[in-house]
Amino acid sequence: MDSNKITVRVPGTSANCGPGFDCLGLAATIYNDLEMTLLEEEQLIIEAKGDGADTIPTDDKNIVWKSARMILERSGNGDRFKGGILRMENHIPMSRGLGSSAAAIVAGLVAANELVDKPFNRQELLKFATEIEGHPDNVAPAIFGGFTVSVVDKGQVQTFAFLPKIRLKLIVAVPDFPLSTRMARQVLPKSVPMKDAVFNIGRASMLVAALINGKERFLANAFDDALHQPYRTKLVPGMQEVFSAAKKAGALGVCLSGAGPCLIAFSAVDKHIENNIAVEMMQAFKKNNVQAGALILDLDTKGAYVLRG
Ligand code: HSE
């Protein structure tokens with residue numbers, strides 16, 4: 001086995017979970033795999049298969065390679081390894097609000113860190129990933145798995161990762177158009193009314209309390225939001241109708257996945273209800289002239305890990 005080669009697997013993620021803008025996140029059972037080989041010579045080969053493969057930069061602007069470089073430089077290995085071979089197999093839809101960029105960053109950091117004998121622990125990788133991504137709500141669950149609550153203070157990131165006591169299915173409606181996070185952040189106001197802040201504090205707290213204690217009945221309004229979704233409605237045609245359709249079909253809650261355009265519904269484990277929610281969400285999108293597919297996923301419980309090597 002080549003000791004300079006490793007394969008890591010990183011889950012897709014859904015940020016915000018409704019009221020937890022830039023703070024809450026979860027990892028889901030959809031994955032990108034990255035095989036990385038570090039080279040002493042200055043040569044870079046990047047190959048990608050799967051979702052968005054033909055749009056991925058294959059030069060040193062590639063985000064996976066940039067993230068790997070961060071590890072090499074900060075661990076003093078920048079001169080030792082000047083190049084690399086990266087092979088990616090991507091299943092996480094790109095630019096849809098399922099954390100494809102966070103997965104790329106975390107894959108680059110974790111793979112490079114393993115290949116130089118793990119100078120950094122997961123907490124340090126989280127800090128680096130947040131520096132690159134700008135906010136921790138996708139990168140934290142991509143690293144730790146489960147649900148995560150993250151707080152940034154003076155450049156330090158603190159993440160509490162937990163597995164809920166309720167088993168939830170995640171039903172994701174995936175529209176056929178991309179939405180850049182940058183554009184979805186541009187539509188947000190600089191300040192928000194106090195009543196909207198209070199609305200979200202209550203719901204975000206209720207969501208975490210209900211999940212940790214396994215109290216399904218307290219989830220009824222816990223995925224609702226007043227801080228970002230109302231402003232983003234115009235970017236995702238039919239969003240409110242899809243929310244209503246999911247709830248009518250039995251969803252415990254539903255929200256925008258990250259910055260969108262995916263919408264994510266939460267349901268108890270019941271094949272009939274899960275499928276029904278998926279169908280109703282796709283149909284509601286269709287009524288608004290949006291073609292959407294659906295993914296029925298579980299919560300990923302372990303985050304990024306070494307698959308081979
Ligand atoms: N919290 C971020 C947002 C997630 O909603 O803009 C997107 O990466």
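The values are calculated or read from the model by the stated rules, or taken from the named source; none is laboratory data. Because the structure is predicted, anything quoted here is derived from the model rather than measured. Every residue, glycine as well, gets a Cβ built from its backbone with ideal geometry; the counts of neighbours run over all protein chains shown. Quick note on the areas: whole protein, heavy atoms, side chains included, nothing else; ligands and nucleic acids left out. Shrake-Rupley method; radii C 1.70, N 1.55, O 1.52, S 1.80 Å.
Some notes on this structure:
- Residues of segment 216-243 that turn out to be exposed (fewer than 14 other Cβ atoms within 10 Å of the Cβ) and of a type in the set (Lys, Arg), as a count: 2
- Segment 134-149: number of residues that are farther than 15 Å from Val110 by Cβ and within 10 Å of the ligand (Cβ to nearest atom): 4
- Within segment 110-156, the set of residues being charged (D, E, K, R) and under 17 Å from Gly303 (Cβ atoms) comprises Glu114, Lys118, Arg122, Glu124, Lys127, Glu133, Asp137.
- Members of segment 43-60 that are open to solvent by 90 Å² or more (accessible area, probe 1.4 Å) and modelled with pLDDT of 95 or more: Lys49
- Pairs with Cβ under 9 Å, 6+ apart, first in segment 175-197 and under 21 Å from Pro136 (Cα atoms), second open to solvent by 90 Å² or more (accessible area, probe 1.4 Å) and at pLDDT 95 or above: Val187/Lys234
- Residues being within 10 Å of the chain's Cα centre (by Cα) and of a type in the set (Ser, Thr, Tyr) - total across segment 138-155: 0
- Listed conditions (1) more than 16 Å from the ligand (Cβ to nearest atom); (2) touching a residue at least 40 places away in the same chain (Cβ under 8 Å); (3) not small (Gly, Ala, Ser) are all met by Asp224, apart from (1).
- Residue in segment 156-178 that is within 15 Å of the ligand (Cβ to nearest atom) and either in a helix (DSSP H, G or I) or charged (D, E, K, R) (or both) present: no
- The set of residues in segment 135-166 being at positive phi and surrounded by 14 or more Cβ atoms within 10 Å (Cβ to Cβ) consists of Gly145, Gly146.
- Annotation for segment 104-112: no member residue is under 15 Å from the mean Cα position of the chain (by Cα), small (Gly, Ala, Ser), part of a loop (DSSP other than H, G, I, E, B) and within 16 Å of the ligand (Cβ to nearest atom).
- Residues in segment 70-89 that are closer than 14 Å to Ile45 by Cα and outside any loop (DSSP other than H, G, I, E, B) were compared, and the one that is most open to solvent (accessible area, probe 1.4 Å) is Arg87.
- Residues satisfying the stated conditions in segment 70-92, i.e. within 28 Å of Thr29 (Cα to Cα) and either within 16 Å of the ligand (Cβ to nearest atom) or without any contact (Cβ under 8 Å) to a residue 12 or more places away in the chain (or both): Ile92
- Pair list, Cβ < 8 Å and 6+ apart or interchain, from segment 93-112 residues that are at negative phi and hydroxyl-bearing (Ser, Thr, Tyr) to residues that are within 11 Å of the ligand (Cβ to nearest atom) and not in a helix (DSSP H, G or I): Ser101/Asn138
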